[in-house]
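Since the structure comes first, as structure tokens, the remarks are kept for the end.
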Amino acid sequence: MSHFSHLSLEAGSRVFQSVALVSAGVDAAFDAVRRQQDRDRGAVETLAVTHARTRQALVAARAETAAARETAACLGRELSAANDRAARAEAALARLIAALHA
């Protein structure tokens, strides 16, 4: 085998090794990107589920708040009516006492 042939084989072998190393590096980089995309996709899905649950909790909280406000308004009306009845009863009692002292 001539010196030139030997050098050509060695150079070809080195080029092949370099290409193989670069190819392996590129494959590893793409695998890392795919793994990161999978993690990101999982994080986005988790965030979407959390967001949906938070929206449901917000809707439930708003409904509960509206119900509590309605109950408070109803109790306020009942208290006002009870105060009116108490005021009329006190006035009637005062008239009765005045009539007894007359």
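The values are calculated or read from the model by the stated rules, or taken from the named source; none is laboratory data. Because the structure is predicted, anything quoted here is derived from the model rather than measured. We place every Cβ from the backbone using ideal geometry, glycine too, and count neighbours over all the protein chains shown. Accessible surface is based on the protein model in full, side chains and every heavy atom, while ligands, DNA and RNA are left aside. Shrake-Rupley method; radii C 1.70, N 1.55, O 1.52, S 1.80 Å.
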message = Using the Cα centre of the chain as origin and beta-carbon charges of +1 (Lys, Arg) and -1 (Asp, Glu), tell me which of Q17, A60, A72 is placed farthest towards the positive end of the dipole.
response = A72
message = To the nearest 20 Debye, how big is the dipole of the chain about its Cα centre, given +1 on the beta carbon of each Lys and Arg and -1 on that of each Asp and Glu?
response = 480
query = Using the alpha-carbon centroid of each, what span in Å lies between segment 47-102 and segment 8-44?
reply = 71
request  = With runs of 4+ DSSP H residues as the only contributors, calculate the mean residue ellipticity of the chain at 222 nm using -39,500 (n - 2.57) per run, divided by the residue total and rounded to the nearest 500.
outcome  = -37500 deg cm²/dmol
ask   = Could you list, bin by bin from short to long, the percent of Cα-Cα pairs of segment 28-102 in 5 Å steps?
value = 3, 12, 8, 9, 7, 7, 6, 6, 7, 5, 5, 4, 4, 4, 3, 3, 3, 2, 2, 1, 1, 0
Point-to-point label distance, R95-Q56, nm (Cα→Cβ direction, 7 Å offset) = 6.0
remark   = So the carbon and sulfur contribution to the accessible area of the chain, 1.4 Å probe, in percent, is 65
task = With a probe of 1.4 Å, find how much accessible area the chain has per residue, and write the answer as a whole number in Å².
result = 87
query = By how many degrees, 0 to 90 and rounded to 10, does the Cα axis of helix 3-101 deviate from the longest principal axis of the chain?
reply = 0
